[in-house]
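Novice: One structure coming up, written as structure tokens, with questions to follow.
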Amino acid sequence: MPRVTVLPHETLAPQGASFDAVPGRSLCQQLLDHGIDIEHACGMVAACTTCHVIVREGFGRLPPSSDEEDDMLDKAWGLTATSRLSCQVDPGATDLTVELPKYTINHARE
Ligand code: FES
């Protein structure tokens, strides 16, 4: 079973977290399933950037992002070369280590 490791985040996961990933279920949904209250302002349809995560390990093994996701990601606070919108990521069979950015910007509200 693939494993997701979440690096410590001051408010969302002070101790960090680790859980078995369920293929076919978005990373955003699985973070919520495990008590990590990541924002998901647009309802997980790639129309905001609040579910932005930085993939520290496993990025290259994920299915590529769509143009729609990339367009939205360009607006994310703290964008990195390994950023993804967690609602668009299916962990599949990949072990991942993710970092939750310190801030988010809700473009869906603007
Ligand atoms: Fe809005 Fe993922 S929840 S882009």
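The values are calculated or read from the model by the stated rules, or taken from the named source; none is laboratory data. These numbers were taken from a predicted model, which means no experiment stands behind them. So basically every Cβ, Gly included, is an ideal-geometry build from the backbone, and we count neighbours across all protein chains shown. Surface areas here come from the heavy atoms of the whole protein model, side chains and all, with no ligands, DNA or RNA. Shrake-Rupley method; radii C 1.70, N 1.55, O 1.52, S 1.80 Å.
Novice: Which trypsin sites (Lys or Arg not before Pro) from the stretch 58-99 combine a DSSP loop assignment with at most 13 other Cβ atoms within 10 Å?
Specialist: LYS75
Novice: How large is the Kirkwood hydrodynamic radius of the chain, counting all unique pairs of alpha carbons, in Å?
Specialist: 13.6
Novice: Right, next: Counting helices only, and only those DSSP H runs with n ≥ 4, report the 222 nm mean residue ellipticity of the chain as the sum of -39,500 (n - 2.57) divided by its residues, in deg cm²/dmol to the nearest 500. Each step should come with its number before you reach the end.
Specialist: Working: 2 runs with 14 residues, N = 110.
Calculated mean residue ellipticity at 222 nm is -3000 deg cm²/dmol.
Novice: I'd like the carbon and sulfur percentage of the solvent accessible area for the chain, probe radius 1.4 Å, heavy atoms only, ligands and nucleic acids excluded.
Specialist: 49
Novice: Please give the net charge around ARG25, taking every other residue with its beta carbon less than 14 angstrom from that of ARG25, where Lys and Arg add +1 and Asp and Glu add -1.
Specialist: Computed value for this residue: -3.
Novice: Using the crude model of +1 on Lys and Arg Cβ and -1 on Asp and Glu Cβ, and no other charge, please compute the dipole size for the stretch 30-110 relative to its Cα centre, in debye to 20.
Specialist: The dipole magnitude comes to about 200 debye.
Novice: Heavy-atom accessible area per residue, the stretch 1-50, 1.4 Å probe: how many Å²?
Specialist: 50
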